[in-house]
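Down below is the structure, laid out as structure tokens.
The values are calculated or read from the model by the stated rules, or taken from the named source; none is laboratory data. Everything quoted here is computed from the prediction, not taken from an experiment. Quick reminder, even Gly has a Cβ in these numbers, built from the backbone with ideal geometry, and neighbours come from all protein chains shown.
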Ligand SMILES: Nc1ncnc2c1ncn2[C@@H]1O[C@H](COP(=O)(O)OP(=O)(O)OP(=O)(O)O)[C@@H](O)[C@H]1O
Ligand SMILES: [Mg+2]
């Protein structure tokens, strides 16, 4: 199926979706009136810290495979950056370097002004308390219940009473529309449910930085909207800074204040969604061609 046909199939799914939605207030997650459309927030005007997350001249190879090549990227505090690019271009590798799971071969990485690329495990620990990642393959522990999976980062990084852990787990489960499944195991859940458990685990610590690797892959249109709205609410209510990797360009455009296209180891362009669509750079233009066709069909 061509990319444009995939988008048309997606549009048809969206037209028939039902109405469910949840949100949060003051850190509490509360179910709200049903809502089928993406929530609209005014795009923030960034007066805050430039280079809150910054990569300068970063390279990463695996043997002869040069994945990231002298890459520069700067992300503002409180911004949501959508990171797009063809499969295998190094999107996951890039964000793994931001949380210390991979070390760059060259270049520098700053998080909140601290140069981190040479940090050891001990030095990464306090950063991981306020930075979390949703892994592309979810990385749930199969031998642990949903409850223990979500509680894991709370136990690892914080000391809190069991009742508080229990409350937080219930709250995030409600937020991803899976209340009451605390005592099931990942193997008993569908792929989309596992993805949402991964999202719940990524946000349960109320992190300041969240790196989402394909948060909506395999999700139905309702869940895709719920997760997209959740990312935006975390940004607008808690000031969370996020990078969202996705192949779903509609989500990328809706959720991202800016969109970065990764191509041949470098950032080919980074701009607002409208800016990317208007780009005359041939690589960027071609990449968004399918998306433009979809928007024309939608009118
Ligand atoms: N730990 C590793 N060891 C060796 N090669 C790796 C490792 N991690 C990633 N790679 C290689 O780096 C390249 C980029 O991988 P990466 O997972 O970042 O791609 P991606 O852009 O996230 O792709 P996708 O959209 O399919 O998830 C791939 O060729 C992959 O095989
Ligand atoms: Mg990936």
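Looking at 154, 189, 211, just one residue is within 26 Å of residue 121 (Cα to Cα), touching a helix residue (DSSP H, G or I) at 6+ places or on another chain (Cβ under 8 Å) and surrounded by fewer than 22 Cβ atoms within 10 Å (Cβ to Cβ), and that residue is 154. Would you confirm, using the coordinates I've provided, whether residue 76 is away from ligand 2 (no atom under 16 Å from the Cβ), at pLDDT 60 or above and in contact with a strand residue (DSSP E or B) (Cβ under 9 Å, 6 or more places away or on another chain)? Criteria met by residue 76. Cβ-Cβ contacts under 6 Å between residues 6 or more apart (or on different chains), taken from a first residue in segment 205-233 that is farther than 30 Å from residue 158 by Cα to a second residue that is away from ligand 1 (no atom under 16 Å from the Cβ), are listed as 218/192; 219/192; 221/13; 221/14; 221/17; 222/17; 222/20; 225/38.
Filter segment 53-81 for residues that are more than 23 Å from the chain's Cα centre (by Cα) and under 22 Å from residue 209 (Cβ atoms) and give the result. Scanning segment 53-81 gives a single hit, 57. Of all the numbered requirements in (1) at pLDDT 95 or above; (2) closer than 23 Å to residue 205 by Cα, residue 93 misses one, and that requirement is (2). Checked against the criteria, residue 132 does not count as more than 16 Å from ligand 1 (Cβ to nearest atom), outside any helix (DSSP H, G or I) and out of contact with any helix residue (DSSP H, G or I) (no Cβ under 8 Å at 6 or more places or on another chain).
Yes/no matrix, rows are residues, columns are (1) touching a strand residue (DSSP E or B) at 6+ places or on another chain (Cβ under 9 Å); (2) within 16 Å of ligand 2 (Cβ to nearest atom); (3) over 30 Å from residue 274 (Cβ atoms):
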{"residue": "101", "(1), (2), (3)": "yes, yes, yes"}
{"residue": "109", "(1), (2), (3)": "yes, no, no"}
{"residue": "127", "(1), (2), (3)": "yes, no, yes"}
{"residue": "173", "(1), (2), (3)": "yes, no, yes"}
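When residue 12 is tested against the conditions (1) at pLDDT 90 or above; (2) not in a loop (DSSP other than H, G, I, E, B), the lone failure is (1). For segment 77-102, the set of residues classified as assigned to a loop (DSSP other than H, G, I, E, B), on the phi < 0 side of the Ramachandran plot and crowded, with 20+ Cβ neighbours inside 10 Å consists of 79, 89, listed by residue number.
From the list 139, 202, 151, the one residue that fits, being free of Cβ contacts under 8 Å to residues at least 60 places away in the same chain and within 16 Å of ligand 2 (Cβ to nearest atom), is 139. If only residues of segment 226-263 that are within 16 Å of ligand 2 (Cβ to nearest atom) and surrounded by fewer than 20 Cβ atoms within 10 Å (Cβ to Cβ) are counted, the one that is farthest from residue 284 (Cα to Cα) is 247.
Restricting 198, 269 to those that are modelled with pLDDT under 95 and either over 30 Å from residue 153 (Cβ atoms) or crowded, with 22+ Cβ neighbours inside 10 Å (or both) reduces the list to 198. Report, by residue number, each residue of segment 62-80 that is within 13 Å of ligand 1 (Cβ to nearest atom) and in contact (Cβ under 8 Å) with a residue 12 or more places away in the chain. Within segment 62-80, 66, 67, 68, 69, 71 qualify. Contact map, segment 81-100: residues that are touching a residue at least 12 places away in the same chain (Cβ under 8 Å) paired with residues that are part of a helix (DSSP H, G or I) and more than 6 Å from ligand 1 (Cβ to nearest atom), Cβ distance under 7 Å, separation 6+ or inter-chain. Pairs shown: 82/252; 82/255; 84/249; 84/252; 99/128; 100/124.
When segment 60-73 is filtered for residues that are away from ligand 2 (no atom under 16 Å from the Cβ) and crowded, with 20+ Cβ neighbours inside 10 Å, only 73 remains.
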